[in-house]
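Notes follow once the structure below has been shown.
Just so it is clear, none of the values below were taken in a lab; they were calculated from the coordinates. Quick caveat, the model's predicted, so the values are computed rather than measured. Because the Cβ atoms are built from the backbone with ideal geometry, glycine has one as well, and the counts that use them run over all protein chains shown.
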Amino acid sequence: MKVLEKSRRKKLQRKVDAEYGYRSYRDRDVEVRKANCGFGVFARRQFLPGELIIEITGQLIERESYNGSSFVMELNDKWSMEPSIPAAFLNHSCSPNAELLQITEYTLGLLALCNIEPGTELNFDYQWPALHWIPRCLCGAPVCRGWVVDKNEVKAMKKLAKKNKAR
Ligand SMILES: [Zn+2]
């Protein structure tokens, strides 16, 4: 097999990045672009409460054999899903404007919880359990829990953070 020259390879890679790459998704309904912290998914039109914003599909992974990336979503006891673009860039908020809903056994939907104006960043509550690697939350909501955890896990997370500090 003939190996492509470096310059040709770079040119091809740029084309692939532009068309399929992370950070450049855009369709009629949503787009991926820079957010306060990293990248996020933004509405390109108005969504009404209860409206399905996007259907989320992705690569299915058996939970037993997988530790998960920070994007992973849980489907059921057996399967996790590594969501594809744009859903992989949905950020957490303690006061979210959307929520996840299981549509079929292997797909999720992102549902609007309130009226969402074009240009608004879309987010949902990750509801993560308290674990040592959980990051501080930067959502900026008045009700922010301080960490990206479920509201029932805040107490446990505070304890854990104290312990982490002492270490
Ligand atoms: Zn928060």
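Between amide H atoms placed 1.01 Å from N, distances below 5 Å from TRP79 occur with ARG63, all of them 5 or more places distant or on a separate chain.
For region 77-167, the list of GluC sites (Glu not before Pro) that fall in a loop by DSSP and count at most 13 other C-beta atoms within 10 angstrom reads GLU105. The chain: longest stretch without exposed chymotrypsin sites (Phe, Trp or Tyr not before Pro) (DSSP loop, at most 16 other Cβ within 10 Å), sites themselves excluded? Longest gap between qualifying sites, sites excluded: 23-65.
Helices in the chain, meaning DSSP H runs of at least 4 residues, each add -39500 (n - 2.57). Divided by all residues, the mean residue ellipticity at 222 nm is -5500 deg cm²/dmol. Using the Cβ-Cβ distance between ASN164 and ARG28 with R0 set to 45 Å, the FRET efficiency works out to roughly 0.55. Taking K and R as +1 and D and E as -1, what net charge do the other residues with C-beta under 11 Å from the C-beta of TRP79 add up to? So the environment of TRP79 carries a net charge of -4.
Around ILE54, under 15 Å between beta carbons, what's the net of Lys plus Arg minus Asp minus Glu among the other residues? Net charge around ILE54: -3. Taking every lysine pair in region 35-167 that is 8 or more places apart or spans two chains, those with Cα atoms closer than 22 Å amount to 6. Between LYS15 and ARG44, full extension at 0.36 nm per residue minus the direct alpha carbon distance yields a gain of 8.0 nm. Only lysines eight or more places from LYS11 in sequence, or on another chain, were considered; those with a Cα closer than 20 Å are LYS2.
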